[in-house]
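The values are calculated or read from the model by the stated rules, or taken from the named source; none is laboratory data. Keep in mind that this is a model prediction, so the values were computed, not measured. With ideal geometry, Cβ positions are generated from the backbone for all residues, glycine too; neighbour counts draw on all protein chains shown.
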Amino acid sequence: MRGMVGRRRLWAGIILVVVVLGVASLAIPGVRRPVLRTAGWALVVNDGVEPADVIVVSVDADGAGALEAADLVSGGVAARVAVFGETPDAVVEGEFMRRGVPYENAAARTVREAKALGVGTVELVPTYVAGSEDEASALAGWCDQHRFRSIVVVTNADHSRRVRRMIHRSMKGHPTRVATRSARYSAFDPDQWWRTRRGIRSEAVELQKLLFDIVRHPIS
């Protein structure tokens, strides 16, 4: 326990020093852009991919995830795509049904988009999830059930590194190899995120989540 607390304090200290140095360097014109780009790419990861059994699209990757999955299928990485079903909103779904209008959540929309993009086999993972942590937790059991040797997980760029950390923790002790891919058409641009309000918000929120994850799990 003391060792764990010590490691967390060490990581917290390192993070604080990095943040202070980063803020200070922004005052130097020639350093500002490289520092901002480094901060953007700190959130993004792209593992090398090899032929896999299935491509799994994160529930919040939406259209960018469908596009990336379709490109990976076209490139021969895998023939199957799976999408996690998101936790249903009973109130919204019920109101759509009451009005006689078909309701399509994000997961169903991604399935439809992937098929329209030419993916022959698209399925819903039969597990409802509320976010990335739920997906990571459910992934190991689903892979074991289907005896997958390797999978590729597609997610949004701005939290791809954090997602990989969570997946690696959940897959410890399981035989399935996992590669994490950042969807190239994600709204977040690590090279220019500071130019838009959306980019600034994504950087601030996701960097905070990533640092918190590092503090909680120094070895991940």
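If you go through the stretch 109-140 and pick out every residue that is in contact with a strand residue (DSSP E or B) (Cβ under 8 Å, 6 or more places away or on another chain) and not acidic (Asp, Glu), you end up with 17.
The number of residues in the stretch 177-197 being buried (at least 18 other Cβ atoms within 10 Å of the Cβ), closer than 18 Å to Glu50 by Cα and either touching a Leu at 6+ places or on another chain (Cβ under 8 Å) or not polar (S, T, N, Q) (or both) comes to 4. Restricting the first member to the stretch 85-96 and to residues that are in the same structural domain as Leu124 (by TED's automatic domain parsing), and the second to residues that are part of a helix (DSSP H, G or I), the beta-carbon pairs closer than 6 Å and six or more apart or on different chains are Gly85/Ala107; Glu86/Ala106; Glu86/Ala107.
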